[in-house]
1. Roughly how many debye, to the nearest 20, is the charge dipole of the chain about its Cα centre, given +1 on each Lys and Arg Cβ, -1 on each Asp and Glu Cβ, and no other charges?
2. Would you tally the net charge around residue 253, using a Cβ to Cβ cut-off of less than 9 Å, leaving residue 253 out, and scoring K and R as +1, D and E as -1?
3. Using amide H atoms built 1.01 Å from N in the peptide plane, name the residues 5+ places from residue 293, or on other chains, whose amide H lies under 5 Å from its own.
4. Considering the dipole of the chain built from charges on the beta carbon (Lys and Arg +1, Asp and Glu -1) around the Cα centre, which of 350, 15, 84 is farthest to its positive end?
5. Could you please report the charge total around residue 337, scoring K, R as +1 and D, E as -1 over all other residues with beta-carbon less than 15 angstrom from its beta-carbon?
6. Under 1.5 on a/c is rounded, so check that first for region 179-260, then, if it is not, pick prolate when a/b is larger than b/c and oblate when it is not; a ≥ b ≥ c are the square roots of the alpha carbon gyration tensor eigenvalues.
7. Do the sum for the chain: with -39,500 (n - 2.57) for every DSSP H run of n ≥ 4, divided by all residues, what is the mean residue ellipticity at 222 nm, to the nearest 500 deg cm²/dmol?
8. As I understand it, the value is the acute angle between the Cα axis of helix 121-133 and the longest principal axis of the Cα atoms of the chain; what does it come to in degrees, rounded to 10?
Amino acid sequence: MDGLLVLRPPQALRSGDDVLCWKTIAGLTEAGLPSRGDELSSQWWASRLWFSKLPGRRTLFENGPARLGLLRHRRKIESADAVWINGPASPLNRDCWFERSIVRAGKPYVFHLQDDWFSLPNLREVAAPRVGLASLVVVPTEPLKERILGLFPDAKVLVLEEPIDVERLKPSDTDPPSGLPFLVWTGHVASMTDLKEYAAILERVYARYPFKLRIVSGQHKPTLTATFPWEWLSFDSGRESEALSGAAAGLAPLEDGSYARCKGGYKVKTYLAAGIPVVASPVGHHCNLIRSGENGILASTADEWVEALSKLLTDSDFGRRLELAARESAVAHYSHEILMPVWADKLRQALPELRNR
């Protein structure tokens with residue numbers, strides 16, 4: 001057998017780009033758990049069909065390129081010890097035909113779930129049947145594990161801290177850009193709601209200390225109503241470090257709730273790895289990732305957000321201390337080099353089929 005087969009959505013359809021990337025595969029293999037990985041379907045078709053304006057585009061993608069990709073992967077199942085899929089194998093599929101083929105082949109099926117999909121009816125319909133099929137459900141936080149076990153007491157759930165690629169997101173050695181200092185927000189376009197809720201806070205800061213906001217997200221320019229200047233850069237994993245470089249602060253606002261408390265804080269880890277002072281809401285895993293005043297700032301109220309951002313825009317020495325501590329915490333606690341041996345040990349313990357690896 002060839003060990004662990006890891007399948008993930010094409011980049012256009014996923015968040016948490018570093019969670020099951022090639023470094024994850026290489027790190028598990030180096031830790032003694034042979035692993036191989038692939039995209040579930042074509043990135044080219046996903047980026048052009050899923051986000052196009054063509055009527056029925058997502059159904060076309062589901063029944064065309066996505067299905068062809070899965071049919072290609074079915075041949076790989078037989079030679080695997082276990083099959084790990086990030087999210088659903090097919091984004092709109094409810095009957096889990098590919099996941100069922102794994103089970104029929106007598107292979108352990110690992111379902112990777114990064115957020116509390118059970119708080120959202122449309123996503124609950126996708127997640128629930130897969131939890132029932134899976135030999136193991138992998139999640140990033142204890143609250144998400146508790147959430148799943150509250151709904152599915154018989155599920156086997158494993159918490160694995162999500163890694164961040166500290167090489168891809170190295171801090172830049174170049175000087176900060178001239179002109180207005182800038183704040184940065186990066187994330188999935190679906191998370192823009194959190195940023196928009198904080199626009200009034202940013203207006204208050206801008207009235208005192210002018211800045212520019214940079215949004216790094218998706219492939220299409222989002223909408224944002226604001227009087228302060230802002231710009232948008234499309235997401236490109238190969239150039240994300242460049243897009244973040246020089247920011248006075250990275251923004252991680254998050255409205256409290258079950259969904260938010262279950263998240264793995266990938267946005268915060270992105271800022272930490274890039275050596276950017278992060279200001280974040282004290283919600284869920286953010287409180288574990290950030291030591292407020294040391295490697296970032298946790299801000300609860302609007303006044304605390306205004307104070308934190310104002311200080312980072314005006315006190316370069318304070319900002320530099322946070323930058324260094326942020327980078328250090330990412331390398332020491334959340335890099336692939338640190339986490340992959342832990343993942344390999346926990347996966348072998350959770351799945352008997354992997355224990356001889």
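Laboratory data are not the source of any read-out in this text; all were calculated from the coordinates shown. Since this is a predicted model, take the numbers as computed values, not measurements. Counting neighbours? That spans all protein chains shown, and the Cβs are built from the backbone with ideal geometry, glycine included.
1. Here the chain has a charge dipole of around 1280 debye.
2. With Lys, Arg at +1 and Asp, Glu at -1, the neighbours total -3.
3. 298
4. Going by the Cα projections, it comes out as 84.
5. On the way: positive: 23, 168, 170, 269, 327; negative: 18, 30, 161, 162, 165, 167, 328, 345.
With Lys, Arg at +1 and Asp, Glu at -1, the net is -3.
6. Working: a/c = 1.61, a/b = 1.04, b/c = 1.54.
Taking the square roots of the gyration eigenvalues as a ≥ b ≥ c, region 179-260 is oblate.
7. The per-residue figure over the chain is -11000 deg cm²/dmol.
8. Tilt relative to the chain: about 40 degrees.
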